[in-house]
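Colleague: Sharing a structure, written as structure tokens. Questions coming.
The values are calculated or read from the model by the stated rules, or taken from the named source; none is laboratory data. This one's a predicted model, so the numbers in the text were calculated from it and none came from an experiment. Please note: Cβ atoms are built from the backbone with ideal geometry, for glycine as well, and neighbour counts cover all protein chains shown. SASA here: full protein model, heavy atoms, side chains in, ligands and nucleic acids out. Shrake-Rupley method; radii C 1.70, N 1.55, O 1.52, S 1.80 Å.
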Amino acid sequence: MPILLFLLDTSASMNQRTHLGTTYLDIAKGAVETFMKLRSRDPASRGDRYMLVTLEEPPYGIKAGWKENHATFMNELKHLQAVGLTTLGQSLRTAFDLLNLNRLVTGIDNYGQGRNPFFLEPAIIIVITDGSKLTTSSGVQDELHLPLNSPLPGSELTKEPFRWDQRLFALVLRLPGATSVEPEQAMAVSLDESCITPMCDVTGGRSYCVCSQRMLNQCLESLVQKVQSGVVINFEKSGPDPPLPDDGLPDMVKSVGPQAWHSCRKLIYVRPNPKTGVPLGHWPIPESFWPDQNSPTLPPRTSHPVVKFSCTNSEPMVIDKLPFDKYELEPSPLTQYILERKSPHTCWPVFVSNSAKYSELGHPFGYLKASTALNCVNLFVMPYNYPVLLPLLDELFKVHKAKPSLKWRQTFETYLKTMPPYYFGPLKKALRMMGAPNLIAENMEYGLSYSVVSYLKKLSQQAKIESDRVIGLIGKKCPPETGIKVRSCSNALSLANRKDFKQLLQEITGDVPQRQFDLSVKEFAGFQVALLNKDLKPQTFRNAYDIPRRNLLDHLTRMRANLMKSRKSLRGQDEDLLHSIPIVQMGNYQEYLRTMPSPLREIDPDQPRRLHTFGNPFKLDKKGMMIDEADEFVSGHQNKHKRPGDSMQGIPKRRRCMSPLLRCRPHTPPVINNHIVGKGPPANSQPLADLPKPVPIDKNSGLSNDVPASDATENHIEDQLSTDLLNDQLEPMEALSNASVNSMEAAEDGESGYGLSDSDQDFLGSPRHRDDVESGYENNVSVFTNKVKSLKTCRSYEEVNVELKAQIVKEIRKPGRKYETIFSLLRNVQGSLQTQLVFLQNVIKEAARFKKRMLIEQLEGYLEENHKKANQGNHLSSC
């Protein structure tokens with residue numbers, strides 16, 4: 001499975017904009033997505049693993065590693081921000097360490113046992129940067145340096161931080177900020193001159209200098225083709241150059257160059273098995289040292305094996321049933337040079353220095369050979385020192401018929417002494433396949449000491465622990481910095497301290513020499529520059545610098561309103577902003593509850609706890625929820641709290657007012673004692689729900705104490721803040737008038753005296769005073785008749801006001817600023833002056849619901865005029 005690791009430059013310089021209008025970071029994100037789309041066209045991309053690393057401090061710079069899925073990768077890529085420094089060296093080391101987490105655990109590197117090309121984990125690191133200076137906390141660096149220390153155990157076994165199956169490619173963005181006048185010409189993408197280019201060459205990759213969007217797409221298509229399964233080998237020439245043929249000499253020299261093919265660090269393709277999808281092989285590439293059983297440690301190896309080839313033409317050697325490995329070389333000057341020789345029947349043997357026990361160059365383990373069609377060059381990996389082994393095996397099977405003689409055995413044992421011990425296992429397997437399984441004894445040592453083997457096992461366990469630790473840290477956010485530390489610069493001499501500073505000023509300005517400034521600046525240890533905390537809510541009315549530029553005019557308008565209207569409480573921000581939150585956080589009610597202080601304990605623990613009904617109602621336990629008062633009222637659970645004389649069954653519940661501005665105060669039903677019928681039920685069983693304020697009855701007149709009926713009605717209108725409640729106030733008036741008529745009829749029947757106490761009734765019931773009662777009876781009837789007429793008149797103008805209120809509400813709801821109709825309707829309001837003022841206040845509240853600010857201001861002016869008229873009228877009446 002190929003690993004594709006993207007290292008994105010998230011330094012502050014990536015915020016610079018190009019002529020396309022996007023930043024470098026936006027282009028980098030788009031490049032990653034484009035690469036993934038191009039790669040998805042290949043059926044082999046199903047097994048790809050994507051990782052994402054940025055320039056943040058490790059391990060916070062690892063955004064997606066071994067355990068993260070594709071969705072996490074895309075989410076982290078989307079939310080990247082360009083802040084910080086260009087710590088490219090540290091981030092590269094973090095990327096290589098991330099790739100090397102599991103290598104010691106799986107034993108894929110096979111330290112001290114030869115290098116197996118078919119044991120590989122191919123990885124491509126794609127760096128997208130702007131190629132600017134490398135800025136770190138210690139200063140600006142001119143060259144790219146990777147830290148030598150690594151937290152991974154066993155990293156000392158390899159000299160370089162990368163491995164031979166890991167290649168580095170860099171996309172250096174050089175897009176201009178202004179559109180070029182000259183038309184773009186299609187040309188090959190050149191190498192970039194930034195400091196990352198040498199690092200790419202060392203790993204077998206390359207860098208791309210991207211100057212346009214078209215060139216970027218071209219580079220991405222090239223990178224998709226680079227995703228190949230293989231390892232990088234450093235080929236170096238050993239010995240003299242081969243003799244050149246007579247024909248074709250000028251062409252080879254022009255096309256390849258005289259020295260370009262002598263040393264090439266290129267890839268060899270390791271093709272997977274088409275049946276299993278896993279690459280298979282038999283023979284390793286030898287180590288650059290002879291294993292010693294007495295050595296307690298292993299010498300460190302280079303990442304890329306140095307394979308030397310001799311330019312002596314040899315015959316390729318192959319025998320029947322002997323396995324060999326064949327690897328194709330990546331196109332390079334070396335392959336071009338071999339192909340242009342046009343000699344497919346000859347080969348060049350390859351060696352690894354110091355691989356033999358007594359030879360410096362070592363013995364050949366394979367050869368380079370051009371294909372028969374002359375379209376590629378292949379590396380054939382054979383058994384170690386195959387020119388000696390292959391004739392022995394050919395003699396064994398053709399002459400001795402797999403029954404070796406004593407002389408043959410002596411020659412074979414002499415060969416085994418010159419072969420590295422780690423070849424015993426592959427050779428045993430090959431001889432078993434060929435039909436000679438018992439030629440090598442089972443007790444042959446593999447060349448590693450006990451201390452080295454135990455050390456490698458210990459490193460495997462430590463690497464497993466470190467791998468789990470690093471994987472557990474991936475995804476955690478970096479703690480925010482409280483400030484920027486200021487370093488002491490007392491040792492560095494500034495420009496102002498130069499002796500010729502005045503002369504420099506004179507040369508620049510041409511003025512006379514100025515006086516010397518006091519340059520004794522005191523520095524404090526541990527001084528920090530504070531950073532802006534984005535989590536704190538800005539207090540714009542206390543600090544003018546917190547006001548964004550786009551909100552300056554709104555704040556100026558608000559300040560003018562606070563100054564001119566002299567409000568009791570200053571309005572620091574718009575009322576809409578008080579309740580405005582992002583859409584993403586609208587349903588996050590649980591987080592809001594966690595910030596709330598813990599409530600006090602309930603007084604009555606037996607009472608069921610009322611849960612909140614915000615969010616999804618299906619998540620709540622409805623058994624423990626309290627029933628709403630309205631539902632409880634209808635269901636009849638309040639019967640135990642009712643008075644015996646109340647009959648409230650069958651009354652439909654009123655719709656509750658949900659608007660905070662129109663929420664009405666709870667009303668208590670009035671208590672009207674019917675003294676005519678005593679304490680029994682009234683003659684008329686009409687319900688008295690939702691009556692206006694209780695009106696105490698005067699004993700003499702049967703009316704309220706010094707409060708006319710119109711004032712009681714006005715007080716009732718003031719409490720109603722919606723048209724529904726205004727409609728409901730007519731029924732109580734009918735009930736009150738009917739109660740008065742019933743009282744009159746009951747008085748005619750002679751049951752009791754209306755409006756009198758019990759003692760007065762006993763006094764009037766005596767025969768001596770019965771005549772006085774009969775004489776005053778006619779006066780009481782006339783008084784009741786007049787009051788009933790006044791109640792009916794009151795009800796008529798209330799209906800007019802209710803209709804006016806409904807029409808005004810319709811006009812308020814209409815869009816636009818034409819308010820002439822509203823003021824014409826307000827002039828038709830009937831009733832006393834106090835009734836009109838209350839009506840106008842209700843209209844202002846209704847306009848506040850729809851945020852009609854201009855209308856509110858005009859209505860407030862209209863209300864002030866009516867107040868003045870009322871004050872003038874009161875003044876004239878007092879005079």
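Colleague: May I ask you to list the residues in the stretch 824-856 that are open to solvent by 80 Å² or more (accessible area, probe 1.4 Å) and closer than 21 Å to K814 by Cβ?
Modeller: R827, N828, K845, R849, K851, R853, M854
Colleague: Can I ask one more? Condition check: touching a residue at least 12 places away in the same chain (Cβ under 8 Å), among the basic types (K, R), open to solvent by less than 30 Å² (accessible area, probe 1.4 Å) and more than 25 Å from C195 (Cα to Cα). Does R49 satisfy that? Talk me through it step by step, then tell me what you get.
Modeller: Working: touching a residue at least 12 places away in the same chain (Cβ under 8 Å): yes; among the basic types (K, R): yes; open to solvent by less than 30 Å² (accessible area, probe 1.4 Å): no; more than 25 Å from C195 (Cα to Cα): yes.
No; evaluated as a whole, the condition is false for this residue.
Colleague: I would also like to ask the following. So which residues in the stretch 201-218 are crowded, with 21+ Cβ neighbours inside 10 Å, not in a loop (DSSP other than H, G, I, E, B) and not aliphatic (A, V, I, L, M), if there are any at all?
Modeller: Listed by number, the residues that qualify are S207, Y208.
Colleague: Go through the stretch 52-78 residue by residue and tally those that are open to solvent by less than 20 Å² (accessible area, probe 1.4 Å) and assigned to a helix (DSSP H, G or I).
Modeller: Total meeting the criteria: 2.
Colleague: Name the strands (runs of 3 or more DSSP E) wholly inside the stretch 100-197 in which the number of residues that are open to solvent by 40 Å² or more (accessible area, probe 1.4 Å) is 2 or more. Don't jump to the end; show me each part of the working.
Modeller: Working: elements: 123-129, 134-136, 139-141, 166-173.
Where strands (runs of 3 or more DSSP E) fall fully within the stretch 100-197 and carry at least 2 residues being open to solvent by 40 Å² or more (accessible area, probe 1.4 Å), they are 139-141.
Colleague: Just checking, does the stretch 388-401 include any residue being surrounded by fewer than 17 Cβ atoms within 10 Å (Cβ to Cβ), free of Cβ contacts under 8 Å to residues at least 12 places away in the same chain and in a helix (DSSP H, G or I)?
Modeller: Within the stretch 388-401, one or more residues are surrounded by fewer than 17 Cβ atoms within 10 Å (Cβ to Cβ), free of Cβ contacts under 8 Å to residues at least 12 places away in the same chain and in a helix (DSSP H, G or I).
Colleague: Right, I3: of a type in the set (V, I, T), modelled with pLDDT of 90 or more and out of contact with any Lys or Arg (no Cβ under 8 Å at 6 or more places or on another chain) or not?
Modeller: Details: of a type in the set (V, I, T): yes; modelled with pLDDT of 90 or more: yes; out of contact with any Lys or Arg (no Cβ under 8 Å at 6 or more places or on another chain): no.
No; evaluated as a whole, the condition is false for this residue.
Colleague: Also, quick follow-up: Within the stretch 63-71, can one find any residue that is closer than 29 Å to S454 by Cβ and either more than 32 Å from the chain's Cα centre (by Cα) or at pLDDT below 90 (or both)? Spell out the reasoning first.
Modeller: Taking the stretch 63-71 as the starting set, the residues that turn out to be closer than 29 Å to S454 by Cβ are 66.
Among the residues that remain, those that are also either more than 32 Å from the chain's Cα centre (by Cα) or at pLDDT below 90 (or both) are: 66.
Yes, the stretch 63-71 contains a residue that is closer than 29 Å to S454 by Cβ and either more than 32 Å from the chain's Cα centre (by Cα) or at pLDDT below 90 (or both).
Colleague: Restricting to the stretch 812-837, count the residues that are more than 47 Å from the chain's Cα centre (by Cα) and either in a loop (DSSP other than H, G, I, E, B) or among the aliphatic types (A, V, I, L, M) (or both). Can you show your working first?
Modeller: Of the stretch 812-837, the ones more than 47 Å from the chain's Cα centre (by Cα) are 818-837.
Now narrow it down to the ones that are either in a loop (DSSP other than H, G, I, E, B) or among the aliphatic types (A, V, I, L, M) (or both): 818-819, 822, 825-833, 837.
Final tally of qualifying residues: 13.
Colleague: Only one of these is open to solvent by less than 60 Å² (accessible area, probe 1.4 Å), of a type in the set (S, T, N, Q) and farther than 18 Å from I126 by Cβ: T10, T22. Name it.
Modeller: Numbers: T10 fails: farther than 18 Å from I126 by Cβ.
Result: T22 is the single residue among T10, T22 that is open to solvent by less than 60 Å² (accessible area, probe 1.4 Å), of a type in the set (S, T, N, Q) and farther than 18 Å from I126 by Cβ.
One line per residue, one yes/no per condition, for (1) at pLDDT 75 or above; (2) open to solvent by 100 Å² or more (accessible area, probe 1.4 Å); (3) assigned to a loop (DSSP other than H, G, I, E, B):
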| residue | (1), (2), (3) |
| --- | --- |
| V529 | yes, no, no |
| A561 | yes, no, no |
| R571 | no, no, yes |
| L593 | yes, no, no |
| E602 | no, yes, yes |
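Colleague: Looking at the stretch 317-332, can you tell me whether even one residue there is open to solvent by 40 Å² or more (accessible area, probe 1.4 Å), of a type in the set (D, E, K, R), part of a strand (DSSP E or B) and at pLDDT 90 or above? So that I can check it myself, show each step before the final result.
Modeller: To start, the set of residues in the stretch 317-332 that are open to solvent by 40 Å² or more (accessible area, probe 1.4 Å) comprises 317-318, 320-321, 324, 326, 328, 331.
Retained after the next criterion (residues that are of a type in the set (D, E, K, R)): 320-321, 326, 328.
Within this subset, residues satisfying the condition of being part of a strand (DSSP E or B) are 326, 328.
Narrowing the set further to residues that are at pLDDT 90 or above leaves 326, 328.
Within the stretch 317-332 (the criterion being open to solvent by 40 Å² or more (accessible area, probe 1.4 Å), of a type in the set (D, E, K, R), part of a strand (DSSP E or B) and at pLDDT 90 or above), the answer is yes, since at least one residue qualifies.
Colleague: Looking at the stretch 423-456 only, could you name the residues that are under 17 Å from S155 (Cβ atoms) and either among the small types (G, A, S) or open to solvent by 80 Å² or more (accessible area, probe 1.4 Å) (or both)? Write out each step before concluding.
Modeller: As a first pass, look at the stretch 423-456 and keep what is under 17 Å from S155 (Cβ atoms): 452, 455-456.
Residue satisfying the conditions is Y455 alone.
Colleague: Right, something else. Go through E56, E33 for me and flag whichever is under 23 Å from G139 (Cα atoms) and out of contact with any Asp or Glu (no Cβ under 8 Å at 6 or more places or on another chain). Walk me through how you get there before you give the answer.
Modeller: On the way: E33 fails: under 23 Å from G139 (Cα atoms).
Of E56, E33, the one residue that is under 23 Å from G139 (Cα atoms) and out of contact with any Asp or Glu (no Cβ under 8 Å at 6 or more places or on another chain) is E56.
Colleague: Which of the residues spanning the stretch 404-444 are farther than 18 Å from Y358 by Cβ, under 60 Å from the mean Cα position of the chain (by Cα) and part of a loop (DSSP other than H, G, I, E, B)?
Modeller: Those that are farther than 18 Å from Y358 by Cβ, under 60 Å from the mean Cα position of the chain (by Cα) and part of a loop (DSSP other than H, G, I, E, B): E442, N443, M444.
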